[in-house]
Amino acid sequence: MAGDVRNIINYQRYPIAESKSHILQEVISRARGELNDNGIALLRDFMLPWAIRQTIIDTEEALPDAFCKAVDHTIYLEECQDSVLEKDHARNILCRSSKCCIAHDQIKTNSPLNQLYMSSEMTNFVRLLLNKDALYRTADPLGALSLQVYRKNDGLDWHFDRGEFAVTLLLQAPEGGGRFQYIPSTRSDGNENYDLVKQVLLASKAGKDLSALGMKEADLQPGTLVIFCGHNSMHRVTPIEGKKSRIITVLSYEKRPDVYLNEYTRMKFCGRLK
């Protein structure tokens, strides 16, 4: 499917089907360095403008059937508080997120987005960026590939990802808001760093400047492919301002084959089991 990929992405800048290309090797080296330094790599101008436009059109057509939901959750993506801990403990401070989700089975099979995701070249490219021995597309018919639409006042509040990494592609930026903010290495496997997490959450609710707490902001433009390791780096998407929606796609990959979402996760993100 390399021919299709060449028509969908900026192939001169990202020759993902040519493993021996020095251009590709430089891209991989730079991205790995960014991931090592900050846990995030930005590959700008990855998708071609026509493919972005077509995907936005497809998204708008599918939006009436999307699953839209607002939910209160903790930064650990739990929807209930721990009564054993103090009310203002980091694990009990509630955040609020809202968005619309278009599942994989609602995305046209011949769309440029689906063709890109289903290509072996793309899977191998992501594998190389992440420096993994093996990588596979998620097998779930709903959650493998999705489109996330954030309309006015929607946002994705502070949280840690449950997975090791996330692969996303920004398709449309809003008129205002929708900024991707993160705090690199907020916690580690041996230290939850509850004090910092609590500081950030309370300062956010008070509308304070978070730069002194280590917050960084990624400059995302439409067409940017993002590799983000968010398991230990708290992050958020600020509320959308204006009528123009923020549209982003999530491309899901696993370290082992034949991985499906459980029923709870399907209901939470897609609103249905099949």
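The values are calculated or read from the model by the stated rules, or taken from the named source; none is laboratory data. Note that the structure is a prediction, hence the values are computed from the model and not measured. No Cβ is skipped: glycine too gets one built from the backbone with ideal geometry, and neighbour counts run over all protein chains shown. Surface areas here come from the heavy atoms of the whole protein model, side chains and all, with no ligands, DNA or RNA. Shrake-Rupley method; radii C 1.70, N 1.55, O 1.52, S 1.80 Å.
When the range 79-116 is filtered for residues that are out of contact with any strand residue (DSSP E or B) (no Cβ under 6 Å at 6 or more places or on another chain) and either part of a strand (DSSP E or B) or open to solvent by 70 Å² or more (accessible area, probe 1.4 Å) (or both), the ones remaining, listed by number, are Cys80, Gln81, Ser83, Val84, Glu86, Lys87, Asp88, Asp105, Lys108, Thr109, Asn110.
Of the strands (runs of 3 or more DSSP E) that lie entirely inside the range 198-266, those containing 1 or more residues that are without any contact (Cβ under 8 Å) to a residue 60 or more places away in the chain and under 25 Å from Asn153 (Cβ atoms) span 216-218.
Here Leu142 does not fit the description of being assigned to a helix (DSSP H, G or I), open to solvent by less than 60 Å² (accessible area, probe 1.4 Å) and over 23 Å from Cys229 (Cβ atoms). Against the numbered list (1) open to solvent by 80 Å² or more (accessible area, probe 1.4 Å); (2) touching a Phe, Trp or Tyr at 6+ places or on another chain (Cβ under 7 Å); (3) under 30 Å from Val259 (Cα atoms), Lys216 comes up short only at (3). Within the range 51-78, restricting attention to residues that are more than 20 Å from the chain's Cα centre (by Cα) and without any contact (Cβ under 8 Å) to a residue 12 or more places away in the chain, the residue that is least open to solvent (accessible area, probe 1.4 Å) is Ile57. Within the range 6-26, the set of residues being without any contact (Cβ under 8 Å) to a residue 24 or more places away in the chain, crowded, with 19+ Cβ neighbours inside 10 Å and not in a loop (DSSP other than H, G, I, E, B) is empty.
Conditions (1) within 15 Å of Cys100 (Cβ to Cβ); (2) open to solvent by less than 30 Å² (accessible area, probe 1.4 Å); (3) of a type in the set (Ser, Thr, Tyr); (4) part of a loop (DSSP other than H, G, I, E, B), marked per residue:
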| residue | (1), (2), (3), (4) |
| --- | --- |
| Arg127 | no, no, no, no |
| Asn153 | yes, no, no, yes |
| Asp157 | no, no, no, no |
| Thr168 | no, yes, yes, no |
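Of all the numbered requirements in (1) open to solvent by less than 40 Å² (accessible area, probe 1.4 Å); (2) in a loop (DSSP other than H, G, I, E, B), Glu121 misses one, and that requirement is (2).
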